[in-house]
Amino acid sequence: MVRKASGTGDWAGVLKWESRLGEILETVSGELHPEMLDAFAVAHFKEKHFEKSAIFYEKSLPILGKMERYRDQGSNMCQIGQCFSNINDTPRAVPWFNKARALGAQHGFFSVECGACLGLGRVEKMEGRMPGAEELMQHAFSVLGFVEVEGEREQLECSVTRDLAELLLETERYEEAGPLIQRLFELAEADEDKEAGFYRKVGALGFAVRFHSRRRDVQQASKEMRALEGLLKRFPGAGCEDILQRARTCIRELASG
């Protein structure tokens, strides 16, 4: 039942089984224990229970190590770091990202190294250290081409590109940010998963509105705003209100001069 609920994205349904976790682990093969623990970790993450999510990810680490599944082990270390970053607990986040980065380098898993450097870069940015943030994000960007799994490569590229473009936008380096925003549109169009492609396009349009607003380009900012509103009207209830409101704020500020 846990796997079925997880497979359909029924995260509340997964969490209904949490009290019976010990019983569940006794009834399934040891090889499935990490998947069971990850299901609860992901469910808590989706429900924004970040500390509980970190606990389940951490429980899986020794099992994955014994199974020599080091790439999965490193990915879960990155997830723990992200859990703590999401609650602004950087003293607990940084050691996990560093562990993941070291493991990725040791075993040659570029996806883990990329994810860890992105996480560390976000921490640096959160704490106002822009040069350090950029260095880490640029390193993450540089290893993307070596990421082992193709689908994971595109997912990481979208995250790294978005975060690096955000940093360049905030530091008013518009000429450098422009090509990255264009790449976000390309990634959205190329995504074979229609739902993922939709959310990537929404994010790219929101980014484009902010980009052109910062450059005081009223015509282009308004054009991207119309495209964003039109896309969201076709898919009501998509849950992108934060992106829409942020874009509208930029347009209002642009109009007010």
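The values are calculated or read from the model by the stated rules, or taken from the named source; none is laboratory data. Please read these numbers as outputs of a predicted model, since none were measured by experiment. As a convention, Cβ positions derive from the backbone with ideal geometry for all residues, glycine included, and neighbour counts pool all protein chains shown. To get the accessible areas, we keep the full protein, side chains included, count just its heavy atoms, and leave off ligands, DNA and RNA. Shrake-Rupley method; radii C 1.70, N 1.55, O 1.52, S 1.80 Å.
Observations on the model:
- For the chain, fraction of C-alpha pairs farther apart than 22 Å, in %: 61
- Couplings for the stretch 147-153, taken from phi via the Karplus curve 6.51 cos²θ - 1.76 cosθ + 1.60 with θ = phi - 60°, read 4, 6, 9, 4, x, 5, 4 Hz in order; Gly and Pro are left as x.
- In this structure, the amide hydrogen of residue 89, modeled 1.01 Å from its nitrogen in the peptide plane, lies closer than 5 angstrom to no residue at least 5 positions away or on a different chain.
- For residue 233, the lysines whose Cα comes closer than 29 Å to its Cα, not counting residues fewer than 8 places off in the same chain, are 46, 48, 194, 201, 223.
- Dipole magnitude (debye, nearest 20) for the chain, charges at Cβ of Lys, Arg, Asp, Glu: 700
- Since only 174, 63, 43 are under comparison, the one whose Cα sits farthest along the positive direction of the charge dipole of the chain, derived from C-beta charges on Lys, Arg, Asp and Glu, is 174.
- Across the stretch 162-177, rounded Karplus estimates of 3J(HN,Hα) from the backbone phi angles (6.51 cos²θ - 1.76 cosθ + 1.60, θ = phi - 60°) give 4, 5, 5, 4, 4, 5, 5, 5, 5, 9, 6, 9, 5, 5, 7, 6 Hz, Gly and Pro being marked x.
- Dipole-positive endmost among 185, 151, 211 within the stretch 134-231 (Cβ charges, Cα centre): 211
- Expected 222 nm ellipticity per residue - DSSP helices of 4 or more, -39500 (n - 2.57), all of the chain, to 500: -26000 deg cm²/dmol
- All distinct Cα pairs of the stretch 140-257 go into the 1/r average, and the inverse of that average, the Kirkwood radius, is 14.8 Å.
- Accessible surface for the chain, divided over its residues, is 53 Å² per residue with a 1.4 Å probe.
- Longest segment of the chain lacking trypsin sites (Lys or Arg not before Pro) that sit in a DSSP loop with at most 12 other Cβ atoms within 10 Å: 49-215
- If you sort the three axes of the alpha carbon gyration tensor as a ≥ b ≥ c, you get a/c of 1.5 or more for the stretch 213-257 and a/b above b/c, which makes it prolate.
- 198, 146, reordered so the largest accessible area comes first (probe 1.4 Å): 146, 198
- Karplus-derived 3J(HN,Hα) values for the stretch 72-81, using 6.51 cos²θ - 1.76 cosθ + 1.60 with θ = phi - 60°, are 5, 4, x, 4, 5, 4, 4, 5, 4, x Hz; glycine and proline are entered as x.
- C-alpha long axis of helix 50-66 to longest principal axis of the chain, angle in °: 50
- The stretch 156-195: GluC sites (Glu not before Pro) in DSSP loop, at most 12 other beta carbons within 10 Å: 172, 192
- Rg over Rh for the stretch 44-100 works out to 0.98, using Cα positions for both radii and the Kirkwood form for Rh.
- Helix 90-107 and the long axis of the chain differ in direction by around 70°, with both axes built from C-alpha atoms.
- Proximal charge balance of residue 240 [Cβ under 13 Å; K/R count +1, D/E count -1]: +2
- Summing Cβ point charges (Lys, Arg +1; Asp, Glu -1) relative to the Cα centre of the stretch 159-232 gives a dipole of roughly 320 debye.
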